[in-house]
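The structure appears below as structure tokens.
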Amino acid sequence: MQPSVPSSAPSSAPRFDERLTAPRSWWVIVALLALSGGLVMFPLGTVPTLCGVIGAGALAAAAVSSYGSARIRVVAGSLVAGDARIPVSALGTPEALDAEEARAWRTFKADPRAFMLLRSYVPGAVRVEVTDPADPTPYVYLSSRDPRGLVAALEAARERSGDTEARDASAQGGAPA
């Protein structure tokens, strides 16, 4: 028999999980690149043609798949975006951006010091200021198909981490930090 976990224990299950996959049109381009690889090898015979199709298709598919494997998660009090892991306590208030505002923050409003996980084919985005004084990054910009869901998950994670800090401080007999 396994011990039961109290319902007040923080869950490490993701509260938000989004994969920024490449659009379907890019996979059509992969198929066309595979076909062109076969056409280049066509004068050499059937086996080289098949090798050209398989080789060009595999290379193009690997490139599109790796570019489309970016993932955004809010889990265990942290925002995980690509390779970055940022505690929600180091983040300010998240802001959901519509398509026009997201384009502005990708272009003329952009700060070169910002952490940006952007995909041009995703119209919406979320911008969150980094409040950690030791971090030179002014803000985090994340492309998202569900910016309102990401904002809600970040706010919920911040509330949970605030509740945890308050509980820990009261257990130690002090005020929350």
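Side notes on the structure shown:
- The Rg/Rh ratio of segment 48-147, with both radii computed over alpha carbons and Rh defined as the Kirkwood radius, is 1.12.
- Ranked by how many other beta carbons lie within 10 Å on average, peptides 43-53, 70-80 from highest: 70-80, 43-53
- Global size of segment 99-159: 11.8, 33 Å for Rg and Dmax (C-alpha atoms, Rg to one decimal, Dmax whole).
- Rounded accessible area of Leu117 (nearest 10 Å², 1.4 Å probe): 20 Å²
- In this rough spin-label picture, where each label sits 7 Å from Cα along the Cβ direction, the Thr137-Glu155 distance is 2.3 nm.
- Computed FRET value (nearest 0.05) for Leu35 with Phe108, which takes r as the C-beta separation and R₀ as 25 Å: 0.05
The values are calculated or read from the model by the stated rules, or taken from the named source; none is laboratory data. As the structure is a computational prediction, the values presented were derived from the model and not from experiment. Note that each Cβ is placed from the backbone with ideal geometry, even for glycine, and that neighbours are counted across all protein chains shown. Areas reflect the complete protein model, heavy atoms only, side chains present, ligands, DNA and RNA absent. Shrake-Rupley method; radii C 1.70, N 1.55, O 1.52, S 1.80 Å.
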